[in-house]
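Shown next, in C-alpha cells, is the structure this report addresses.
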There are 2 protein chains.
Amino acid sequence: MDEGFAPYGGDEALARLLAAAGSPYGTAEVRALVKGVLAAPPAIPATAWTVLVAPDPAPELVQQLMALAAQLRATMPVASFPPGAAADRIARLRAELARQGVDGFLVPRADEHQGEYVPASGQRLAWLTGFTGSAGLAVVLAGRAAIFVDGRYTLQARDQVDAGLYALRHLTEQPATEWISANLPQGAALGYDPWLHTPGEVERYRTAAERAGGTLRALATNPIDAVWSDRPPAPLAPVLLHALRFSGKGAEEKRREVAASLAKDALDAAVLTSPDSIAWLLNIRGGDVPHTPLPLSFAILHADASVDLFIDRRKLVPGLAAALGSGVHIAPPDALAPALDALKDERVLADPAISAAWVFDRLTQAGARIHRAPDPCQLPKACKNPVELNGTRAAHIRDGAALTRFLAWLAQAAPQGGLGEIAVSDRLEQFRSGSEHFRDLSFPTISGAGPNGAIVHYHATPASERKLEPGTLYLVDSGAQYLDGTTDVTRTVAIGQPSPEMRDRFTRVLKGHIALALTRFPKGTTGSQLDALARRALWERGLDYDHGTGHGVGSYLGVHEGPQRISKLPSAQALLPGMIVSNEPGYYKTGAYGIRIENLVVVTPAPEAGGERELYGFETITLAPIDRACIDAALLDAHERAWLDDYHATVRSTLTPLVDAGTAAWLAAATQPLTA
Amino acid sequence: MDEGFAPYGGDEALARLLAAAGSPYGTAEVRALVKGVLAAPPAIPATAWTVLVAPDPAPELVQQLMALAAQLRATMPVASFPPGAAADRIARLRAELARQGVDGFLVPRADEHQGEYVPASGQRLAWLTGFTGSAGLAVVLAGRAAIFVDGRYTLQARDQVDAGLYALRHLTEQPATEWISANLPQGAALGYDPWLHTPGEVERYRTAAERAGGTLRALATNPIDAVWSDRPPAPLAPVLLHALRFSGKGAEEKRREVAASLAKDALDAAVLTSPDSIAWLLNIRGGDVPHTPLPLSFAILHADASVDLFIDRRKLVPGLAAALGSGVHIAPPDALAPALDALKDERVLADPAISAAWVFDRLTQAGARIHRAPDPCQLPKACKNPVELNGTRAAHIRDGAALTRFLAWLAQAAPQGGLGEIAVSDRLEQFRSGSEHFRDLSFPTISGAGPNGAIVHYHATPASERKLEPGTLYLVDSGAQYLDGTTDVTRTVAIGQPSPEMRDRFTRVLKGHIALALTRFPKGTTGSQLDALARRALWERGLDYDHGTGHGVGSYLGVHEGPQRISKLPSAQALLPGMIVSNEPGYYKTGAYGIRIENLVVVTPAPEAGGERELYGFETITLAPIDRACIDAALLDAHERAWLDDYHATVRSTLTPLVDAGTAAWLAAATQPLTA
C-alpha cells in the first residue's frame, strides 16, 4: 500500500468506509469531530485520534480521515487576530451589547475553567483585541475601552493591540476596578459573563460599578460568542486512561476517599470545575489545551463516591467509558445546569477560588446549601503516592540526561558564536523528545540570552531573539510532560567569562537555592514561612526578585498546581510529604541579564535524633549541573559548598551511565568539587 | 481637717454637699455612678473619679464620696464564682432557655467588643462555669454541657469547673463545632447572642448545628443576663484626654485622615466597635478593663469626618465633651441601634474579624450596603508617629532602668534562697511603679521559676508558686503602661549554674532573636515571611515553640494590637515604618524549664548603598541585659556575637546614669563583651 499522502476521496467513499468500520457517525458528524480534533493543540507524538471515529479503523479509513483533516485544517481560521480588523470586531461587540441592553462588557482572558491554558474556542480576549498573553482583561464601554495587562506583557500588548481602540493599562498598578469607577457612566449597566469570573472577582467589579453610580449585570449569553462568526469549536483531543503503573492508585479508590472526606463534613456533593482535579480523580488524560494533558470537563462528585462527568462523549477513546466503571455517569456538558438544579436542599461544596460565579448563582437559585471550601481533589492530588514519586524520579533522570546532553552541546557550540535563542531551545526540545514516555513540553521553553534573560516570562520570537554572545549569561527554563512525571528546570550558564557582578548575584541566588534545599522544618510549616530563606542573601544587598520561589508541580499534569507553593503570598497550606514544589530563586537586572536556578524538590520526612518535633525536608529530584563558572566560592560557607559538591556528585554518578562519552567527559569536569 | 477615714454621713448630708457643688446628680444617681466606678479595675495611681460627680468637688464631698464607695464596695459581690453554686446557676440558665424556647446556648468568653480584656459585667462564662481564663467557650444543652479551653487552661479549668456539670474539652483539638454536631438533638434550636460572636463564628456554629439536623437561633436577650441577679454594672472609669505631647497628632486631623480613606473607597461611614480604635482616633483614654487604658464605647465615623460616639456620658471627666469638639456627637450606648438603622442605603464599612455579628445583622436589616474590610483605624494606629516613637523610647529607658534594678537585686537576693515567684514579681512591680508616667502594668506579670517557666501563659498563685532554686531558670515576662508608651519585655535568668542543655537551648533562642534583630527586608515584607528566621536554629535540632514570634504593641494602649505580627499564621499585612512589634522566640521543656528572650522593636528604614529595593529593619528599643551565664558562645557566629556586645554596650551606656551605684556595678559586669 502506498504510504504517501492520498487526497481526500469524497464524502461518499468516506461514508462507505465508516459503515464498514461500524462507526456510529455519518460524514457530517465526522467532519465536526475532526474540526474539534483540529481545535486541540497538536499532540507530540500524535495520539491516534482516528480511533474516536471507529474503534478499529482500517488503514484505508485512517488514510481518508487524515486526508480530510488536512483539507479541513487548510480552511480553518488561524488563531491570530490582526490588529487591522480589531475595529470591526469591537464594533460588532458594541452592537451586540446594545442589542442585549448593556453599556459595557468585561472580557477576561479566563475561560469557563479558570485555568492557566485556554483552548482556541475560549480565546475571547485574543479574538477581540489581538492580545495573546496568558493574563489580561479588556473592559469595553460604548465610548471607550481599555486593556489591562501585567508588566511581563506591556511590550507585547503594545505590539498586538490597536492603541486607538484600547487604552493600555497596568493590571495591578492601574487596576480595571479603578478605571471602571472613573469611566462607567452614571446609571450605566456593565455586563459580564458569570462563567468567566470567580465570585470574588464579580464582587470587586460590582463594587467598582456601584462606585461609579452604575450596576453590574450578568449576561446569559456571552456577547462575544454571539458575534465571533468563525469561532473554533471546542477541542476534541482523545481522552485516555492514565495507567495504574503511573497513577499508583485506582480511580475507584480515589473516588471513595474523596467522597469520605465530603461525608465527614456532612456534605452531599462537590462541584468540580478544574479539569486537573477531574483528570486526577478519574485517572484520565487528554490534550485539549497546550502543554497540560487535560480533557476539558466538569464533574459532580457525590458523597456515595459516584461521579457525574460532563464531557463531550465523542472524545472518549473506545472502551474508556466502560473502564471508568458504573460509578461514573457520563453526560454531555450542557447537562451540568440541570444536574446542579437537582442538588436542591443538598449541602454542596464549591470552591470560590477556582470555580465560576455561574456555579454559585445556579446552586443558589436551585436552593442548594453551598459550602465554600477548597476543591477536595486538590490536596490529595498534590500529595503524590510512592508510585507517582518513583515515576517522577525516573522522569527526572531521563530529563536530566537530555538537559545535560544539551548543556554539553551548548558548551561546545556557543563559543563558536552565532547561536540564536530559538535554535538553541529547538535543540533542547530535540534532546528531550527522544526520551522514553515523552509526550510534550510542559510549557513553552524560556530561552533568554543576555538582556532577554531578565524578562521573567520571556518567549523568544524571530523579532525578539538574540544571539548568545561572549560575556553574557544565557537562561533556559524548560520542562517536559512524561507519562511518569512532569519536569521543570532552569539553568543559567555563562557564555564566555561572566563579570564579577554576575558572579556575585549568581552566588547569592545559589545561596538562597541551597538554603531552601537544606532547610528542615516542623510538620505544619507552610511555604510562606520558608520563602524568606531563599531571598535573604539578596536582601542583604538591597536586591530581590518579583516572583514566587516555588510552585507545586503535578504528576503528568499541570506544571503549575496548588495548593502548595513557596511564596511571600500568605498561605495556610502546610507542606506535606509527597508534595512536589520548585525551588527557583532568581535575580534580574533589566536590560542586562537574568539569573534563575530551579530544581524540583519533594517534601520528605527528615527526622532528627533527640528532636521533639516531626521534621520534614526537601529531596532534590532535578539532576543537571549548576554552572561553576558563575560561582564566587568565597561567598559560600562550608555547608553551602558541601551541598553543591554533594549535589554535583549525585548528578555525575546518576547521569554518566545515560549519556554519550563526550557528554560524560564534559559532565565530569562540570561537576568537579568546588574545593578541588 | 482630719485626714483619717470618715464614715459615710448619710444620704441627706451627701445631697446637701452635691447641691452645693453644683452636681447634676441626686444621691441615688451618685450611688449608681459609684457602683460603676467600682466595677472598673482599680487604677494605679487612683484617678480622681470624684470629678465625675462634680467638676470641682469640695474636700468634704470627696471624703463623703470615698466613704460611700467604701461602703458600697463592701456590699458588692466579689467576682469569684465558686463551683459549689454552679449547679444552681446552670439550672437558672436552663429554665431561662426553656422560657425563650431554645434547647441550648453558646457562652463565649468574649464580650460585645471582642477584645482581650473583659469587664466584670461581661464575665458571663466565669459567672456560669467558674472558669476565669482569658479564652474559652461553654455550650449548654438541656441534658448536657461542655466547656472548651485551650492547653494553657486545662489544669485551671479542672480546678474551677464542676466536672459533673461540664465535660471538659480542648478548644482546638476537640472543637465545640464537633461536639455540637454530635450532641445537639435532631430538630433542636441552639441559641446564641449575636453581640458576642463574629459573623464567621456564627457561620461555623450554624454549620455545626445544621449538621446535627438542628438550627442556630439568635436571641434578642442574653439569657445569662436575664438570670444573673447580682451582675455588676458596666464599668465607669473616668475618660480623659490623651495629651497631644503623647499622641503626637490631634483627633481632628486623625478623623479627617481616616474619613478621607473612607471617601476614597466611596464609603459613607465606618462602624467602630473596638475601643482601642476609638481611643486612638479621639485621643481619649480610660480604665474600664484591666491593664489597657480603654474607655468601652462604640462609634460611627462618617465620611465628613464627624464621629458619633456611643458612650455613657457619666464617665467623661468635666470638659472632655467640649474638648472633643463639635465634630464628635456623644450619645448613649443604646442609641447605636437606631444610628445603624439610619445608615439605610449608605455604603458602610464594618470589620468582620473584630465586630459582632449583631452589627452586620442590624446593618443588613437597615438596608445599608455593607463593605467588609479591616477597621480603618487599625493600620494608622499601628504606624506610630515620631512623637509616639520618641515617647515609647523614653518609656523603654525608664522601664529598662527599673527592670535592671530588679535584675541586679535578684542577682544578689536569689542565691540566698527562699524567694518565691509572687514576692519576686511584686518586687519588680515596686521598681516600676515609681517611674515617671507609670499608670499600670500592661498585663499580669508572668513570673515562672523552674518548671513553671515552661507554662507559656503562667500566672503565679499561692497554690502554684515555686521558689527560685539553684540550678534552675527563672523566666519573667512583664511590662507597664506609661503615658508615653507601653512596654513588654521577657528575660530568662539562671539561678546558680545552668545545665549544658539549658545553655544550648538558650543560645538557640538567642540566635533566633538576633536573626530577627539583624534582618533587613524589602518594603512589602510581612511578619509571616520573617517568622522562620527566629525558629531556624531550633528547627535544626527538631525543636520549636508553640506561640507567635511577635505581636504588635500600642502607644499607651493595648500591649497586643494588630494588624502587624510576626507569626507562622498567614498575614497579608506588610511591616511598615513606625510599627512596634515584639521579638520573642522561646523554648519550653515541659516539667523542666522555659526560655524566652523578648525585646520590642520598631520597623525602621535601613537603606543599603547600591541596593535596588527600599529596605527596612528593626530598631530594638527594649533595654536590659541578657543573661550571659546562659549563653554558649561557641554556638554564636561573629555577627551574632557582635550584635550581643553592641546591644549590651547600648544598655550599659543608656541605663548607667539612671541607676544606683550598686546596680551600675552589677550592670557593668552583666554587659561585658562576650569575647572579653
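Within the stretch A:655-673, is even one residue polar (S, T, N, Q), over 33 Å from the mean Cα position of the chain (by Cα) and more than 14 Å from chain B (Cβ to nearest Cβ)? Can you show your working first?
Step one: filter the stretch A:655-673 for residues polar (S, T, N, Q), giving A:656, A:663, A:671-672.
Now narrow it down to the ones that are over 33 Å from the mean Cα position of the chain (by Cα): A:672.
If we keep only those that are more than 14 Å from chain B (Cβ to nearest Cβ) too, we end up with A:672.
Checked against the condition, which is being polar (S, T, N, Q), over 33 Å from the mean Cα position of the chain (by Cα) and more than 14 Å from chain B (Cβ to nearest Cβ), the stretch A:655-673 yields at least one hit.
Just to be sure I understand, how many residues within the stretch A:452-508 are within 20 Å of the chain's Cα centre (by Cα) and of a type in the set (Phe, Trp, Tyr)?
Number of matching residues: 2.
Every residue, every condition in (1) without any contact (Cβ under 8 Å) to a residue 12 or more places away in the chain; (2) closer than 20 Å to A:Leu623 by Cβ; (3) touching a Gly at 6+ places or on another chain (Cβ under 9 Å), yes or no:
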| site | (1), (2), (3) |
| --- | --- |
| A:Ala411 | no, yes, no |
| A:Asp426 | yes, no, no |
| A:Gln430 | yes, yes, no |
| A:Ser433 | no, yes, no |
| A:Phe443 | no, yes, yes |
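How many residues are aliphatic (A, V, I, L, M) and open to solvent by 10 Å² or more (accessible area, probe 1.4 Å) if we restrict to the stretch A:448-482?
Result for the stretch A:448-482: 5.
I'm checking my understanding of the structure. Among residues of the stretch B:208-226 that are assigned to a helix (DSSP H, G or I) and open to solvent by 30 Å² or more (accessible area, probe 1.4 Å), which one is nearest to the other protein chains (Cβ to nearest Cβ)? Show your work before the answer.
We begin by selecting, within the stretch B:208-226, every residue assigned to a helix (DSSP H, G or I); these are B:208-211, B:223-226.
Restricting the remaining residues to those that are open to solvent by 30 Å² or more (accessible area, probe 1.4 Å) gives B:210-211, B:225-226.
Details: B:Glu210: 8, B:Arg211: 4, B:Asp225: 32, B:Ala226: 33 Å.
Out of the qualifying residues, it is B:Arg211.
Could you list all residues from the stretch A:594-608 that are away from chain B (no Cβ under 14 Å) and open to solvent by 10 Å² or more (accessible area, probe 1.4 Å)?
A:Thr604
For the stretch B:343-360, how many residues meet the condition of being more than 14 Å from every other protein chain (Cβ to nearest Cβ), charged (D, E, K, R) and open to solvent by less than 50 Å² (accessible area, probe 1.4 Å)?
1
Results for (1) within 17 Å of B:Glu614 (Cα to Cα); (2) surrounded by fewer than 23 Cβ atoms within 10 Å (Cβ to Cβ); (3) in contact with a strand residue (DSSP E or B) (Cβ under 8 Å, 6 or more places away or on another chain), shown as yes or no for each residue.
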position: A:Leu533; (1), (2), (3): no, no, no
position: A:Arg541; (1), (2), (3): yes, yes, no
position: A:Ser571; (1), (2), (3): no, yes, yes
position: A:Leu576; (1), (2), (3): no, yes, yes
position: A:Glu584; (1), (2), (3): no, no, yes
position: A:Tyr587; (1), (2), (3): yes, no, yes
position: A:Ala592; (1), (2), (3): no, yes, no
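For the stretch B:267-373, which helices (runs of 4 or more DSSP H) that fit wholly inside it have 3 or more residues that are in contact with a His (Cβ under 9 Å, 6 or more places away or on another chain)?
B:275-282
Being surrounded by 18 or more Cβ atoms within 10 Å (Cβ to Cβ) and in a strand (DSSP E or B) narrows it down to one of A:Leu168, A:Leu196, A:Leu190, so name that one. If you could, list the steps in order and put the result at the bottom.
Working: A:Leu168 fails: surrounded by 18 or more Cβ atoms within 10 Å (Cβ to Cβ); A:Leu196 fails: in a strand (DSSP E or B).
Only one candidate qualifies: A:Leu190.
From the residues in the stretch B:389-447 that are in a helix (DSSP H, G or I) and touching a Pro at 6+ places or on another chain (Cβ under 8 Å), which one is surrounded by the most Cβ atoms within 10 Å (Cβ to Cβ)?
B:Thr404
Go through (1) of a type outside the set (A, V, I, L, M, F, W, C); (2) open to solvent by 30 Å² or more (accessible area, probe 1.4 Å); (3) in contact (Cβ under 8 Å) with a residue 40 or more places away in the chain; (4) in contact with a helix residue (DSSP H, G or I) (Cβ under 9 Å, 6 or more places away or on another chain) and name the single condition B:Ser229 misses.
Condition (3) is where B:Ser229 drops out.
Across the stretch A:556-584, which residue is farthest from the chain's Cα centre (by Cα) among those that are more than 14 Å from chain B (Cβ to nearest Cβ) and closer than 19 Å to A:Leu518 by Cβ?
A:Pro577
When you scan the stretch A:635-642, do you find a residue that is in contact with a helix residue (DSSP H, G or I) (Cβ under 9 Å, 6 or more places away or on another chain), in contact (Cβ under 8 Å) with a residue 24 or more places away in the chain, open to solvent by less than 30 Å² (accessible area, probe 1.4 Å) and under 28 Å from A:Glu388 (Cα atoms), even just one?
no
Enumerate the pairs (first residue in the stretch A:606-622 and touching a residue at least 40 places away in the same chain (Cβ under 8 Å) and part of a loop (DSSP other than H, G, I, E, B); second residue anywhere and buried (at least 19 other Cβ atoms within 10 Å of the Cβ) and among the hydroxyl-bearing types (Ser, Thr, Tyr)) with beta-carbon separation below 8 Å, excluding pairs fewer than 6 apart on the same chain, so at least 6 apart or on different chains.
Partner pairs satisfying both residue conditions: A:Ala606/A:Tyr616; A:Ile621/A:Thr392; A:Thr622/A:Thr487.
Please go through the stretch A:610-630 and pick out each residue that is over 24 Å from A:Arg393 (Cβ atoms) and within 8 Å of chain B (Cβ to nearest Cβ).
A:Gly610, A:Gly611, A:Glu612, A:Arg613
Tell me, yes or no, whether the stretch A:361-368 has at least one residue that is within 14 Å of chain B (Cβ to nearest Cβ), crowded, with 16+ Cβ neighbours inside 10 Å and touching a strand residue (DSSP E or B) at 6+ places or on another chain (Cβ under 6 Å). Lay out the reasoning, then the answer.
Start the filter on the stretch A:361-368 by keeping residues that are within 14 Å of chain B (Cβ to nearest Cβ), which leaves A:368.
With crowded, with 16+ Cβ neighbours inside 10 Å added as a condition, the list becomes A:368.
Retained after the next criterion (residues that are touching a strand residue (DSSP E or B) at 6+ places or on another chain (Cβ under 6 Å)): A:368.
For the stretch A:361-368, residues within 14 Å of chain B (Cβ to nearest Cβ), crowded, with 16+ Cβ neighbours inside 10 Å and touching a strand residue (DSSP E or B) at 6+ places or on another chain (Cβ under 6 Å): present.
Whether any residue in the stretch B:226-241 is out of contact with any Asp or Glu (no Cβ under 9 Å at 6 or more places or on another chain), of a type outside the set (D, E, K, R) and closer than 20 Å to B:Gln100 by Cα is what I want to check.
Yes, because at least one residue in the stretch B:226-241 is out of contact with any Asp or Glu (no Cβ under 9 Å at 6 or more places or on another chain), of a type outside the set (D, E, K, R) and closer than 20 Å to B:Gln100 by Cα.
Could you check how many residues of the stretch B:609-625 are over 30 Å from B:Ala664 (Cβ atoms) and either modelled with pLDDT of 95 or more or open to solvent by less than 40 Å² (accessible area, probe 1.4 Å) (or both)?
Total meeting the criteria: 7.
In the stretch A:604-634, how many are farther than 29 Å from A:Asn385 by Cα and in contact with an Asp or Glu (Cβ under 7 Å, 6 or more places away or on another chain)?
The total comes to 1.
With the requirement that a residue be surrounded by fewer than 23 Cβ atoms within 10 Å (Cβ to Cβ) and in a loop (DSSP other than H, G, I, E, B), what does the stretch A:377-388 give you?
A:Cys383, A:Asn385
Restricting attention to the stretch A:653-676, and to residues there that are closer than 17 Å to A:Arg628 by Cα and of a type in the set (Gly, Ala, Ser), which single residue is most open to solvent (accessible area, probe 1.4 Å)?
The first filter runs over the stretch A:653-676 and keeps only residues closer than 17 Å to A:Arg628 by Cα, leaving A:663-676.
Next, only the ones that are of a type in the set (Gly, Ala, Ser) stay: A:664-665, A:668-670, A:676.
Values: A:Ala664: 21, A:Ala665: 65, A:Ala668: 38, A:Ala669: 59, A:Ala670: 21, A:Ala676: 95 Å².
Looking at the filtered set, the residue picked out is A:Ala676.
Being free of Cβ contacts under 8 Å to residues at least 24 places away in the same chain and more than 30 Å from B:Asp375 (Cα to Cα) is true for just one of B:Leu168, B:Leu128, B:Leu141. Which residue is that?
The unique qualifying residue is B:Leu168.
The values are calculated or read from the model by the stated rules, or taken from the named source; none is laboratory data. Please read these numbers as outputs of a predicted model, since none were measured by experiment. A quick note on method: Cβ atoms are made from the backbone with ideal geometry, for glycine too, and the neighbour counts reach across all protein chains shown. To get the accessible areas, we keep the full protein, side chains included, count just its heavy atoms, and leave off ligands, DNA and RNA. Shrake-Rupley method; radii C 1.70, N 1.55, O 1.52, S 1.80 Å.
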